[in-house]
Amino acid sequence: MRYLTDRKRANGKGAAHTGTEHHWAMMVSSVGLAFLVPAFVIAFGRGLGGTHAEVLAFFSRPFIAILTGLTLVASMRHFAKGAQTMIEDYSQGTTRKALIIGAISLSWAVTATGLFALAKIAL
Amino acid sequence: MAESNRVIRPLSPHLQVYRPQLTSITSILTRITGNGLIVGTMLIVWWLAAAAAGPEAFATADAVLTSWFGDIVLFLSLWAAAYHYLAGLRHLIWDSGHGLDIPTAEKLGWGVVIGSVVLTVLAVIVI
């Protein structure tokens, strides 16, 4: 007879074998994006359709550049974790690992490319 | 495992005999729109990178984004963003422990579907 508390029996038995960090990270980034995305959608809508010079001038504005950078970083962190959840639901083993690595790499590649472009335009 | 208490849990849906419901359809659409948004994001980042690279690269990317193909992808992305946005708010409501009974969940589901169309139309008018 082992004397274990209910908490101890349940520990590590969840599908993820870890705590709620993943879910909490999704909640935090989703609240951040709830403020960022509407502003970015309007800003991008205004920026699209201009000439090359107009687009460069638009994204050089500090507010627009910071808004775009923040939206990009927050949304790609949110995407990486969300895509990981989807992959974990539908695949197993090495395929799962490869797909998760791929999704995280893609999200960082998109982030780095976007931030480099913003830095080059705005600075 | 004598000490583990057996409890009756809800079974996972078996897709071949599963009747789709508003709640299940709105749930899977949340996943599809969220992951699908990577397409629009990559298109926009490519366009930004092209603007940074120079006039010729920008001309190519801008032609794609303002073509009918770009219009369709960006319009679908706009709807996907609106849908995922409202569905995300619904998840935050659920996470706070509210709205989990079926009548409220169905109302929230219609709210997400209709709201996403309204937001998309509004955004198109504003932009």
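What to note about this one:
- For the protein assembly as shown, the residue among B:52, A:94, A:33 whose Cα projects farthest onto the positive side of the dipole built from Cβ charges is A:94.
- Theoretical ellipticity at 222 nm over chain A - DSSP helices of four or more residues, -39500 (n - 2.57) apiece, nearest 500: -28000 deg cm²/dmol
- Among A:111, A:85, A:94, the residue with the largest mean-square fluctuation in a Gaussian network model of chain A, with springs joining Cα atoms closer than 10 Å, is A:94.
- Cβ-based net charge around residue A:39, under 14 Å, with every Lys or Arg adding one and every Asp or Glu removing one: +2
- Top of A:45, A:69, A:102 by mean-square fluctuation, Gaussian network on chain A, Cα under 10 Å: A:45
- Look at the stretch B:38-48: the mean tally of other chain Cβ atoms within 10 Å of its residues' Cβ atoms is 6.
- 10 Å Cβ neighbours from other chains, averaged over peptide B:49-55: 6
- The residues neighbouring residue A:56, those whose beta-carbon lies less than 13 Å from its own, together hold a net charge of 0 under the Lys/Arg +1, Asp/Glu -1 convention.
- Principal axis extents of the C-alpha atoms in the stretch A:33-122 (largest first, rounded to whole Å): 49, 25, 20.
- Extension gain, residue B:92 to residue B:9: 0.36 nm times the residue separation minus the Cα-Cα distance gives 27.5 nm.
- Proximal aspartates and glutamates to residue A:97, defined as alpha-carbon separation beneath 20 angstrom and excluding residues fewer than eight positions away on the same chain: A:21, A:88, A:89
- Kyte-Doolittle at least 1.0, axis length at least 20 Å by Cα - qualifying DSSP helices, chain A: A:21-47, A:93-122
- Axis angle, to the nearest 10 degrees, between helix B:22-53 and the longest C-alpha principal axis of chain B: 20 degrees.
- Cα centre as origin, Lys/Arg/Asp/Glu Cβ charges: the stretch B:21-126 dipole, Debye: 200
- Most to least packed among B:71-78, B:100-107, A:115-122 [average Cβ atoms within 10 Å]: A:115-122, B:71-78, B:100-107
- Considering only A:104, A:66, A:42, the mean-square fluctuation computed in a Gaussian network model of chain A, springs between alpha carbons under 10 angstrom, is largest for A:42.
- Rel. contact order, % - alpha carbon contacts under 8 angstrom, at least six apart, chain A: 29
- Unit Cα scatterers, Debye sum, the stretch B:1-93: log10 I(q)/I(0) for q = 0.21 Å⁻¹: -1.02
- Inter-chain Cβ neighbour average for residues A:22-29, partner chain, 10 Å: 1
- Arranged from fewest to most other beta-carbon atoms within 10 Å of their beta carbon, B:98, B:84 become B:98, B:84.
- Mean residue ellipticity (222 nm) of chain B, computed from DSSP H runs ≥ 4 via -39,500 (n - 2.57), nearest 500: -26500 deg cm²/dmol
- Within-15-Å neighbourhood charge of residue B:108 [Cβ basis; K, R +1; D, E -1]: -1
- Listing A:64, A:101, B:8 from fewest to most neighbouring C-beta atoms within 10 Å gives B:8, A:101, A:64.
Values in this text are rule-based calculations from the coordinates and carry no lab data. Everything quoted here is computed from the prediction, not taken from an experiment. Because the Cβ atoms are built from the backbone with ideal geometry, glycine has one as well, and the counts that use them run over all protein chains shown.
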